[in-house]
1. List the pair-distance distribution P(r) of the chain, using every Cα-Cα distance, as the percent of pairs falling in each 10 Å bin from 0 up to the bin containing the longest distance, rounded to whole percents.
2. Gap in Å between the Cα centre of segment 108-125 and the Cα centre of segment 177-197?
3. Would you calculate a helix-derived [θ] at 222 nm for the chain, using -39,500 (n - 2.57) for each DSSP H run of n ≥ 4 and dividing by the full residue count, to the nearest 500?
4. Find how much the distance from residue 187 to residue 21 grows on full extension, using 0.36 nm per residue of separation minus their present alpha carbon separation; answer in nm with one decimal.
5. Please give the net charge around residue 107, taking every other residue with its beta carbon less than 12 angstrom from that of residue 107, where Lys and Arg add +1 and Asp and Glu add -1.
6. Mind jotting down the distance between the C-alpha centroids of segment 17-37 and segment 139-173, whole Å?
Amino acid sequence: MDDPKDLVRRGYDALSLHYDAAFQGETKYRRWLSDLSGELAESSRVADVGCGSGIPVARDLVKAGHHVTGIDISEVQIQRARELVPSAEFIHADATTVDFPAGSIDAVVAFYSFIHVPLDEQFLLLQRIASWLRPGGLFVATMGHREWTGTDDNWLGAGATMWWSHADIATTRSWLTQAGLVVESEEFVPEGDSGAVLLWARLAE
Ligand SMILES: C[S@@+](CC[C@H](N)C(=O)[O-])C[C@H]1O[C@@H](n2cnc3c(N)ncnc32)[C@H](O)[C@@H]1O
């Protein structure tokens with residue numbers, strides 16, 4: 001089988017526009033982002049892991065006055081994000097390889113991106129995120145609910161293969177704790193016959 005990360009990268013290179021067409025009408029991000037802004041001081045530094053095209057997350061966080069750095073493994077997603085949200089910064093990289101200075105970030109968001117990171121790298125990525133955050137910094141993410149790894153050879157009917165991998169939420173919770181992140185809330189987000197979990201966690205002070 002192809003390297004799963006290559007499948008994900010190539011998949012989003014091919015599907016960037018289809019993804020936005022399918023999901024840009026989602027309204028659930030509004031509350032998540034306004035809740036986050038309510039917790040942040042003005043001009044906070046926010047990293048967006050798996051930022052996609054930057055719409056709506058990076059765009060709305062910039063509008064709320066924050067300094068946003070988006071990271072995405074797909075070159076097409078990053079090119080589009082640079083055009084669509086010119087006031088944010090974007091890094092084309094696998095998030096598991098990115099370094100920010102220790103304690104330099106006020107909040108990290110990761111919406112629907114951990115679900116594409118191989119299971120054996122998710123704890124490592126959480127540890128990295130914890131190292132980027134200042135004490136008391138926030139991590140807000142949607143994670144898988146039940147353990148599942150699989151592919152769809154024609155995702156969104158657009159002819160490209162996509163790959164997902166997620167742990168059950170109890171395992172993710174224990175990884176967060178081991179990484180020094182204190183879980184503050186968990187909310188099930190229903191999607192079709194399944195769903196994700198919205199997690200809020202904070203780096204211990
Ligand atoms: C489902 S999209 C979500 C986009 C955006 N966060 C949102 O909620 O609208 C997942 C994004 O994560 C990115 N991604 C997946 N694995 C990644 C990795 N290892 N490093 C960086 N980005 C990754 C994909 O390229 C894709 O753009």
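Read-outs throughout are calculated quantities, based only on the coordinates presented, and are distinct from any laboratory measurement. Values in this document were obtained by computation on a predicted structure and should not be read as measured data. Heads up, the Cβs are rebuilt from the backbone with ideal geometry, glycines too, and the neighbour counts pull from every protein chain shown.
1. All Cα pairs considered, the percentages come to 9, 37, 41, 13, 1.
2. With segment 177-197 and segment 108-125 each reduced to a Cα centre, they are spaced 13 Å.
3. Here the helix-only value at 222 nm equals -11000 deg cm²/dmol.
4. Values: separation 166, 0.36 × 166 = 59.76 nm, distance 2.56 nm.
So the chain would gain 57.2 nm between residue 187 and residue 21.
5. In short, -1.
6. Taking the Cα centre of segment 17-37 as reference, the centre of segment 139-173 is 18 Å away.
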